[in-house]
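Heads up: the structure comes next, in structure tokens.
The values are calculated or read from the model by the stated rules, or taken from the named source; none is laboratory data. Remember, predicted model here, so these are calculated numbers, not experimental data. Cβ placement follows ideal geometry from the backbone for every residue including glycine, while neighbour counts extend to all protein chains displayed. Just the protein is used for accessible areas: all its heavy atoms, side chains included, with ligands, DNA and RNA removed. Shrake-Rupley method; radii C 1.70, N 1.55, O 1.52, S 1.80 Å.
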Amino acid sequence: MKLVLGLTMLFLVNSINAQVNLLNLLYNSVPGIGCHSNMSVCLATGSLPESGAEIIVDWTDGDLDTLVVFSAPNSENCYIFEHDYSQVGVYNALVEVTSATLGGQVTISQTIEWVITSSTNCGFFNIISLLNPTSTFLPNVPYDIVDDFNVTTTIYPINSFSNQYYTELDVNSNYTVSINTNWLQNNGYTQTSPNFSINSFDVTGKALNVPMNMTLQCNGNGITPNLEVTSASAYQFIAPIENGNVSVQICNISCSNFANSTVKIAVPSGVIPALTNIPNSSFSNDTVTILVPYLSGNTTVSFPCTFSGSTPAGTVLNFYVSVSAIGEQDFNFNNLHFSTTVLNSYDPNDKNCNLPRYVNPDLKENLQYTVRFQNDGNYPALNVVVRDTISSNLDLSTFRFINSSHPVSYTINPITREVTFRFSGINLAASSTSLEASQGYFAYNIDELPNLNLNSDIKNTAYIYFDFNPPIVTNTTINTNGYLGLDINNSEFKFNIFPNPTNGKFTLDLSENTTVKIYSVIGSLIYEQEVQKDQIIDLTNYKKGIYTIQVNTPKYIYSKKLIVE
């Protein structure tokens, strides 16, 4: 671990006189690329000098880093923290800041996610492949990497932030890099840029002295077709008008090759595509089949869909597209999963808890809250502030931020128990302009205090401020420590999940067939159906994260958390 102290001015608004009233975590490394994690922890102080703020970084792999900093009044400073993870995985590093001026209190905290895909070969480079003379971008071009032992490895790119990253290189080796010869021959291209060498890497694992692009040119017909799904999206699935849209772009990468191609798009049950204007198309068993004759270069297939207007807001619709052609041999990028979230009319300015009304008084429960907000005005909201006073029946020291729709900072007042979430510069669109872009949310979890009185209530309400307007008050969540609706004798019903954590596929071990509901981290219902005992459920098409599984029986409601990695 290496610490480098730096100073960077931030354009942040100091709204109170307390110290360390704003925290901003900035990625210096690319998350998910390489093994090295490098971030800037940026602090803003109030009108008092800070006599010793302690920054504590819990990397959540067993390592902690701390740094004590001293700040002048009304100043903004950034401090660099670096870390190397030894195991692959997803890490939500926690940054907490204490203020000596305020007696050593934890004044602010925030998390930042690191996705580590390799713990040994951390080197990477990114490069753009361009087709001359048009400078057309060619995606997913494979490169041959020749190491010190003259061993050649062919690697395809990992797409991150719309860039082409080639990863898992040994930083202690030297490499010669060129476009894969077989790929060039099969697809009818010639490499017109010279090969290049990689002899060194920086501390983040990025290869040094790599050219910005590699150029190719078409020298004839590709030997075989090479189809790829270059993009796919479902959008504007709006329940009140019962319409949505699907658009898929496919490409025959092979130069001057003409291929009779087949496109298959699996749509969710209940979604009906309108294919009147799509020639050579059919729909059967929830699958759209489109024949595209003589495909050369790019083509886009788009069509509207209809679906039920009663579909709940937040429902995730999952799609899958695959392409193929006779004689094709390279199937690396022939399919793609994509999804969309249903938009429906509802009051989005609300607060939800993942647990049912009655929680077990014999357990110290962990409650997860989600606050949603929407700008229903006729002009973008420049700033959104949410003030949430934590119930006195909850343990404030266990507060943990989970995630949010937009960048956010937050402060915790240990005296008033108010948590203030600031979406500074959010520019949240008006719902009349874009329903989807007008919405936001954040989520956190917190433990209840131990040994609460029977039938004691845990109540929480949030106040949402759009710029200078009066607050919008959400509903009040209520959770009661009582036995109504709870099974206090677990021998009566068996409910187990394995494995947990999971890669997406898991088994529910149940005493009997029953109804199962699965909720996302923002409280959206993504799954509901009657399941059998020992039934396998597949969530591999959903995002990694924390889900709540709720089992409903005639007598009781059970809830457990599931972690998808």
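Only one of Thr192, Thr176, Thr224, Thr181 is open to solvent by 50 Å² or more (accessible area, probe 1.4 Å), in contact (Cβ under 8 Å) with a residue 12 or more places away in the chain, touching an Asp or Glu at 6+ places or on another chain (Cβ under 8 Å) and within 26 Å of Asn132 (Cα to Cα). Can you tell me which?
Thr181
Looking at the range 234-278, which of its residues are among the hydroxyl-bearing types (Ser, Thr, Tyr) and surrounded by 15 or more Cβ atoms within 10 Å (Cβ to Cβ)?
Correct list: Ser254, Ser261, Thr262.
Give me a count of the residues in the range 16-61 that are part of a loop (DSSP other than H, G, I, E, B), open to solvent by less than 20 Å² (accessible area, probe 1.4 Å) and on the phi > 0 side of the Ramachandran plot.
Of the range 16-61, the ones part of a loop (DSSP other than H, G, I, E, B) are 16-21, 28-35, 45-49, 59-61.
From what's left, open to solvent by less than 20 Å² (accessible area, probe 1.4 Å): 19-21, 29, 32-35, 45-46, 59.
Next, from what is left, pick out any that are on the phi > 0 side of the Ramachandran plot: 20, 32, 34.
Residues that pass the stated criteria total 3.
Filter the range 133-169 down to residues that are open to solvent by 60 Å² or more (accessible area, probe 1.4 Å) and either farther than 24 Å from Phe331 by Cα or hydrophobic (A, V, I, L, M, F, W, C) (or both), then give me how many there are.
The qualifying residues number 10.
Being free of Cβ contacts under 8 Å to residues at least 40 places away in the same chain and part of a strand (DSSP E or B), is that true of even one residue in the range 120-137?
yes
Could you list all residues from the range 432-460 that are within 26 Å of the chain's Cα centre (by Cα) and open to solvent by less than 30 Å² (accessible area, probe 1.4 Å)? Please lay out each step first, then the result.
Step one: list which residues in the range 432-460 are within 26 Å of the chain's Cα centre (by Cα), which gives 433-447.
Once the filter is applied, which keeps residues that are within 26 Å of the chain's Cα centre (by Cα) and open to solvent by less than 30 Å² (accessible area, probe 1.4 Å), the range 432-460 yields Ser438, Gly440, Phe442, Ala443, Tyr444, Asn445, Ile446.
I need the full set of residues from the range 317-369 which are modelled with pLDDT of 85 or more, in contact with a strand residue (DSSP E or B) (Cβ under 7 Å, 6 or more places away or on another chain), open to solvent by 30 Å² or more (accessible area, probe 1.4 Å) and within 30 Å of Ala266 (Cβ to Cβ), in order please.
Scanning the range 317-369 gives Asn318, Tyr320, Ser322, Ser324, Ile326, Phe333, Asn335, Leu336, His337, Ser339.
Just checking, which of Ile536, Ile488 is open to solvent by 50 Å² or more (accessible area, probe 1.4 Å), closer than 25 Å to His337 by Cβ and either among the β-branched types (Val, Ile, Thr) or modelled with pLDDT of 85 or more (or both)?
Ile536
Can you tell me which residue is least open to solvent (accessible area, probe 1.4 Å) among those in the range 385-400 that are part of a strand (DSSP E or B) and not hydrophobic (A, V, I, L, M, F, W, C)?
Asp388
Quick check: anything in the range 284-297 part of a strand (DSSP E or B), open to solvent by 60 Å² or more (accessible area, probe 1.4 Å) and small (Gly, Ala, Ser)?
The answer is yes; a qualifying residue exists.
Out of Val97, Val90, Val68, which single residue is assigned to a strand (DSSP E or B), at pLDDT below 90 and open to solvent by 60 Å² or more (accessible area, probe 1.4 Å)?
Val90
Between Ser302, Ser296, which is of a type in the set (Gly, Ala, Ser), closer than 30 Å to Ser256 by Cβ and modelled with pLDDT of 90 or more?
Ser302
Each row is one residue, and each column tells you yes or no for (1) more than 30 Å from Leu343 (Cβ to Cβ); (2) in contact (Cβ under 8 Å) with a residue 60 or more places away in the chain.
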residue: Leu367; (1), (2): no, yes
residue: Leu382; (1), (2): no, yes
residue: Arg387; (1), (2): no, yes
residue: Asn393; (1), (2): yes, yes
residue: Ser409; (1), (2): no, yes
residue: Thr416; (1), (2): yes, no
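Surrounded by 18 or more Cβ atoms within 10 Å (Cβ to Cβ), not in a strand (DSSP E or B) and not small (Gly, Ala, Ser): is that true of Thr204 in this structure?
So Thr204 passes the test.
Say whether the condition of being assigned to a loop (DSSP other than H, G, I, E, B) and without any contact (Cβ under 8 Å) to a residue 60 or more places away in the chain is met by at least one residue in the range 227-248.
no
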